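Below is one structure, written out as structure tokens, with a few remarks after it.
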Amino acid sequence: MTLRYLTFTADDDGGDRGCWEAMASTPHAALPEVRQEIAEVLRWAEQHAPGPQGPEEDGGTWDVFSHTQDEGRWVTVTVTLTGPLAWGASLLARFAPPDSGD
């Protein structure tokens, strides 16, 4: 699946963990398609999970947070994944466009 709406940015903590944020800002009419993309990303994350999901301080290896903000005629959806750098690199390889630089 090629993502049409979500775009990723990446950040690492200088150690072995990173943070990958996907964001889409669209008219409300596109929200079902954005949610479908999010579901696909989360399916991949779960299928390729490097360990249990949850906060690191609770023994989790990876985690996910999402936020939806209604901005009138537009809606912005943000999904943030955290986990091991190698796992995140695989995530980006799967979903980020080849020329994205991430």
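Of the residues making up region 46-101, those that are more than 17 Å from residue 34 (Cβ to Cβ) and either hydroxyl-bearing (Ser, Thr, Tyr) or in a strand (DSSP E or B) (or both) number 9.
If you scan region 22-57, which residues turn out to be modelled with pLDDT under 95 and of a type in the set (Asp, Glu)? If the condition is that a residue be modelled with pLDDT under 95 and of a type in the set (Asp, Glu), then 56, 57 are the ones that fit. Scanning region 54-73 for residues that are surrounded by 14 or more Cβ atoms within 10 Å (Cβ to Cβ) and more than 14 Å from the chain's Cα centre (by Cα) yields 60, 61. Taken over region 74-88, the criterion of being within 26 Å of residue 26 (Cα to Cα) and either of a type in the set (A, V, I, L, M) or within 13 Å of the chain's Cα centre (by Cα) (or both) is satisfied by 75, 77, 78, 79, 80, 81, 82, 88.
Looking at region 15-25, can you tell me whether even one residue there is within 17 Å of residue 77 (Cβ to Cβ) and among the acidic types (Asp, Glu)? Looking for residues that are within 17 Å of residue 77 (Cβ to Cβ) and among the acidic types (Asp, Glu), one finds at least one in region 15-25, hence yes.
The values are calculated or read from the model by the stated rules, or taken from the named source; none is laboratory data. These figures come from a predicted structure and were not determined experimentally. So basically every Cβ, Gly included, is an ideal-geometry build from the backbone, and we count neighbours across all protein chains shown.
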